[in-house]
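The values are calculated or read from the model by the stated rules, or taken from the named source; none is laboratory data. All values reported here derive from a predicted model rather than from experimental measurement. Virtual Cβ from ideal backbone geometry, glycine too; neighbours counted across all protein chains shown.
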Amino acid sequence: MTAADTANPPLIAVVGPTGSGKSTLGIDLAHQFDGEIINADSMQFYRGMDIGTAKVTVQERQGIPHHLLDTLDVNEEASVAAYQMQARATIAAIRDRGKLPILVGGSGLYVRAALDVLEFPGTDPAIRVRLEADLDRDGADSLRQRLAEIDPVSAGRDLDDRRLIRALEVHEVTGRPFSSFMPQRHYHQPALQLGLQVDRALLRERLAARVHTMVDDGLLNEVATLDNHGLRTGRTASRALGYAQFLRVLDGELTQDQAASDTIDATRRFARRQLTWFRADPRITWLDWEDPHLTSQAADHIRRTFGLS
């Protein structure tokens with residue numbers, strides 16, 4: 001960027017499904033535009049969860065500063081609201097240095113928390129405990145009926161138990177329906193989202209190969225180490241792809257081959273959900289992940305959108 005460009009650098013986001021090459025493109029763009037990376041993969045917040053999350057190593061970062069990696073212990077719960085504050089503070093600090101902030105990740109809600117006008121209602125642990133007891137005693141249908149009376153929009157979304165409890169909690173805390181907090185597609189600040197368009201059959205093969213590489217690189221040992229540091233007690237980390245499956249290997253419920261197969265299946269399903277999420281956002285500029293000129297194509301879009309030189 002030129003001196004004029006650095007006065008108010010834009011925000012770039014590289015998004016798409018797991019295994020599509022987001023990290024590589026983000027680093028390439030950081031080299032081109034004197035940028036720094038902000039992580040938007042919720043499982044890469046966790047210290048020690050390296051192999052199973054395909055976290056970029058220090059060597060792979062190529063000297064590019066990476067932020068919001070390794071911010072949580074495995075027994076802590078990730079919070080989108082906390083991430084929003086951290087990400088926006090990090091973006092502001094990068095901009096103050098005259099650098100280009102580049103958000104990279106596939107956790108859709110976390111991406112939107114950083115990019116969009118998005119309000120997070122408060123929580124009340126006592127209310128949540130009471131609602132969880134109601135769920136155990138009366139069942140989900142009873143709570144859904146209760147939600148339908150106060151927030152029919154949310155009730156019609158087929159929420160899982162966790163989100164069902166959250167919707168009822170929000171109404172009690174704020175007096176507003178949970179649906180009123182749903183995000184709109186309005187950027188918090190000028191931004192450009194670049195999405196990686198994949199060949200789905202090839203992605204399926206790549207994800208399978210990546211899981212086998214993780215196993216070869218010692219995923220089971222990583223899970224065992226983290227188990228000793230409270231992995232099972234972490235509501236978020238314990239459900240992570242690969243970690244949940246390989247905990248069952250430690251428990252003697254699965255072989256490594258079975259856990260790898262289950263992880264591949266779960267990862268492919270997750271990639272499909274990511275594609276559905278990001279495809280719903282019309283603001284994303286999609287680029288072919290196999291284009292030999294991918295970085296230059298992405299850089300051209302950035303220059304045209306923001307008038308950078």
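What are the residues in the stretch 51-67 that are in a loop (DSSP other than H, G, I, E, B) and farther than 26 Å from Ala224 by Cα, if any?
Hits for the stretch 51-67 are Arg61, Gln62, Gly63, Ile64, Pro65.
Return yes or no: is Glu60 surrounded by fewer than 18 Cβ atoms within 10 Å (Cβ to Cβ) and within 30 Å of Val211 (Cβ to Cβ)?
yes
Of (1) without any contact (Cβ under 8 Å) to a residue 40 or more places away in the chain; (2) over 13 Å from the mean Cα position of the chain (by Cα), Leu69 satisfies all except one. Which?
(2)
When you look at Ile150, is it surrounded by 18 or more Cβ atoms within 10 Å (Cβ to Cβ) and out of contact with any Ser or Thr (no Cβ under 7 Å at 6 or more places or on another chain), yes or no?
No.
Take the residues of the stretch 120-146 that are assigned to a loop (DSSP other than H, G, I, E, B) and exposed (fewer than 13 other Cβ atoms within 10 Å of the Cβ): which is nearest to the chain's Cα centre (by Cα)?
Gly122
Tell me whether the stretch 105-119 contains one or more residues that are within 30 Å of Asn228 (Cα to Cα), in contact with a Gly (Cβ under 7 Å, 6 or more places away or on another chain) and surrounded by 14 or more Cβ atoms within 10 Å (Cβ to Cβ).
Yes, the stretch 105-119 contains at least one residue that is within 30 Å of Asn228 (Cα to Cα), in contact with a Gly (Cβ under 7 Å, 6 or more places away or on another chain) and surrounded by 14 or more Cβ atoms within 10 Å (Cβ to Cβ).
Please work out which residue is surrounded by the most Cβ atoms within 10 Å (Cβ to Cβ), limiting yourself to the stretch 1-27 and to residues that are modelled with pLDDT of 95 or more and assigned to a helix (DSSP H, G or I).
Only one residue fits best here, namely Gly26.
May I ask you to list the residues in the stretch 264-283 that are touching a residue at least 60 places away in the same chain (Cβ under 8 Å) and within 23 Å of Ala191 (Cβ to Cβ)?
Passing the criteria: Gln274, Leu275, Trp277, Phe278, Asp281, Pro282, Arg283.
So how many residues does the stretch 156-198 have that are assigned to a helix (DSSP H, G or I), in contact with an Asp or Glu (Cβ under 8 Å, 6 or more places away or on another chain), modelled with pLDDT of 90 or more and surrounded by fewer than 18 Cβ atoms within 10 Å (Cβ to Cβ)?
Qualifying residue count for the region: 2.
Report, by residue number, each residue of the stretch 250-264 that is surrounded by 14 or more Cβ atoms within 10 Å (Cβ to Cβ) and assigned to a helix (DSSP H, G or I).
Once the filter is applied, which keeps residues that are surrounded by 14 or more Cβ atoms within 10 Å (Cβ to Cβ) and assigned to a helix (DSSP H, G or I), the stretch 250-264 yields Leu250, Ala259, Ala260, Ser261, Asp262, Thr263, Ile264.
From the set of residues in the stretch 231-249 that are among the aliphatic types (A, V, I, L, M) and part of a loop (DSSP other than H, G, I, E, B), which is nearest to Phe270 (Cα to Cα)?
Step by step, filter the stretch 231-249, then rank; the result is Leu241.
Is there a residue in the stretch 118-125 that is touching a Leu at 6+ places or on another chain (Cβ under 7 Å) and at negative phi?
No, the conditions are met nowhere in the stretch 118-125.
What are the residue pairs meeting all of these: first residue in the stretch 172-184, first residue over 16 Å from Leu115 (Cβ atoms), second residue surrounded by 13 or more Cβ atoms within 10 Å (Cβ to Cβ) and of a type in the set (Gly, Ala, Ser), Cβ atoms under 7 Å, and 6 or more apart or on different chains?
From the stretch 172-184, the pairs are Pro177/Ser154; Phe178/Ser154; Phe178/Ala167; Ser179/Ser154.
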